[in-house]
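The values are calculated or read from the model by the stated rules, or taken from the named source; none is laboratory data. Since the structure is predicted, the reported quantities are computational estimates derived from the model, not experimental observations. We place every Cβ from the backbone using ideal geometry, glycine too, and count neighbours over all the protein chains shown.
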Ligand SMILES: Cc1cc2nc3c(=O)[nH]c(=O)nc-3n(C[C@H](O)[C@H](O)[C@H](O)COP(=O)(O)OP(=O)(O)OC[C@H]3O[C@@H](n4cnc5c(N)ncnc54)[C@H](O)[C@@H]3O)c2cc1C
């Protein structure tokens, strides 16, 4: 078994690490104290630098202007970029655009690819993904109220969605709506591309999340679709295949998220160790790092991070070699395990900083607020645990165990 990172990947990661340290981390104080919209000019400058360095859109197809890295290589990139909350955006591989790019590439018509995919990869426009509804459980999305009814050459969409992340200022949404209510539950919904300036696409608000409504890319929209009419040619993939395509979107997406979370863990862990080593706690100069309980946290966090990282890289490798179906169990395992490690590491890092850990003078409270959601989106912890346990237990039905 070879655990070595390929040289080409190491070179890319070295460049990204340096860029994050020099160009992005110094912007974070402004990021914490300004609206995202106000930061856009500075971020555009950084994006131009990334393009010049030929590191733009690392995971996206080469033919559309990306670097075309495979899933395992991009996993390393995602970890490196995750150290700053600005990383993925500045390198053009941010969610939800990344997932939308994947499905447009796999299922888009030639016309859809030219109109939506190309400018999206180039970073000229943004998009959002509109599936979760206010009144119905996102954990069981077959319970969906949003409908898309055929009328002439169009679909007419009605429904209420929320957590349509980054809808503020997006050019288009990929909307999940019921097109085939008579079909079996998992074949009732379709994905439809809806330009955000279509009449009937009503951006109600950016939802306040953990004390912040955010703006532009950095927000989560509530959207009311009221007789929102789009041509039937905006259907993405086959009709009734919305859930099938959504599953494809979530597989690699979970690897990207987990590795991004591990980047956050690494940053928080570094800050925790540095603070513990420097914070003098007694008149004779003993630091926080001399306390056994802090040493235990550091050792436990180091072990958790390493375990989570190996599990995630293994899942990425399995997706590449065997496909998403074969890797389903591994994807569920990392989704809840890494989210839990993230929460623990960030919490310990905050605790070690004491009062400073609660201030936006450092990045840790930002991670603490915004990354709590990791245990909810892309499948809540409990849903993944149940799915894994069910699959494991099936293997014991009628099996003799000695
Ligand atoms: C920051 C953030 C960004 C998001 N971005 C998007 C986006 O871009 N597009 C989009 O469409 N959606 C997005 N979502 C929505 C997300 O996908 C849903 O919140 C998620 O699917 C859970 O659905 P729900 O909120 O309706 O909770 P519910 O389905 O009501 O579940 C509530 C809780 O019940 C528990 N639970 C659920 N099922 C089970 C079960 N079977 N057994 C035991 N317990 C269970 C879990 O603890 C869960 O947290 C985002 C959410 C957040 C927080």
Q: Would you please name the residue that is farthest from the ligand (Cβ to nearest atom), looking only at residues in region 158-216 that are in contact with a helix residue (DSSP H, G or I) (Cβ under 6 Å, 6 or more places away or on another chain) and in a loop (DSSP other than H, G, I, E, B)?
A: 216
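For (1) within 16 Å of the ligand (Cβ to nearest atom); (2) crowded, with 18+ Cβ neighbours inside 10 Å; (3) within 28 Å of residue 272 (Cα to Cα), each residue gets a yes or a no:
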position: 296; (1), (2), (3): no, no, yes
position: 306; (1), (2), (3): no, no, yes
position: 353; (1), (2), (3): no, yes, yes
position: 385; (1), (2), (3): yes, no, no
position: 397; (1), (2), (3): no, no, no
Q | Positions within region 217-249 being within 12 Å of the ligand (Cβ to nearest atom), in contact with a strand residue (DSSP E or B) (Cβ under 7 Å, 6 or more places away or on another chain) and outside any helix (DSSP H, G or I), in sequence order | A | 219, 220, 221, 222, 223
Q. Across region 126-139, what is the total count of residues that are surrounded by fewer than 18 Cβ atoms within 10 Å (Cβ to Cβ) and either touching a residue at least 60 places away in the same chain (Cβ under 8 Å) or over 29 Å from residue 332 (Cα atoms) (or both)?
A. 2
Q | region 368-381 residues that are within 15 Å of residue 258 (Cβ to Cβ), paired with ones that are assigned to a helix (DSSP H, G or I) and near the ligand (Cβ under 7 Å from one of its atoms) (beta carbon under 7 Å, 6 or more apart) | A | 375/381
Q: For region 58-77, state whether one or more residues are at pLDDT below 95, over 30 Å from residue 112 (Cβ atoms) and not in a helix (DSSP H, G or I).
A: no
Q: With the checklist (1) without any contact (Cβ under 8 Å) to a residue 24 or more places away in the chain; (2) under 25 Å from residue 373 (Cβ atoms); (3) more than 16 Å from the ligand (Cβ to nearest atom) in hand, flag the one item residue 123 doesn't pass.
A: (1)
Q) Of the conditions (1) farther than 24 Å from residue 261 by Cβ; (2) within 16 Å of the ligand (Cβ to nearest atom), residue 108 fails just one. Which one is it? A) (2)
Q. Does residue 4 fit the bill of being part of a loop (DSSP other than H, G, I, E, B), more than 19 Å from residue 316 (Cβ to Cβ) and without any contact (Cβ under 8 Å) to a residue 40 or more places away in the chain?
A. no
Q) When residues of region 8-57 are filtered for being in contact with a helix residue (DSSP H, G or I) (Cβ under 9 Å, 6 or more places away or on another chain) and in a loop (DSSP other than H, G, I, E, B), how many remain? A) 4
(Q) Return the residues of region 359-375 that are closer than 13 Å to residue 340 by Cα and within 8 Å of the ligand (Cβ to nearest atom); say none if nothing qualifies. (A) 373, 375
**Q.** The one condition in (1) within 16 Å of the ligand (Cβ to nearest atom); (2) part of a strand (DSSP E or B); (3) crowded, with 19+ Cβ neighbours inside 10 Å that residue 155 fails to fulfil
**A.** (1)
Q. Do you know which of the residues in region 140-150 that are away from the ligand (no atom under 11 Å from the Cβ) and under 17 Å from residue 202 (Cβ atoms) is surrounded by the fewest Cβ atoms within 10 Å (Cβ to Cβ)?
A. 145
Q. Restricting to helices (runs of 4 or more DSSP H) lying wholly in region 311-402: which have 2 or more residues that are in contact with a helix residue (DSSP H, G or I) (Cβ under 7 Å, 6 or more places away or on another chain) and either more than 27 Å from residue 28 (Cβ to Cβ) or modelled with pLDDT under 95 (or both)?
A. 328-352, 381-394
Q: Taking the options 65, 92, name whichever one is without any contact (Cβ under 8 Å) to a residue 60 or more places away in the chain, at positive phi and under 19 Å from the mean Cα position of the chain (by Cα).
A: 92
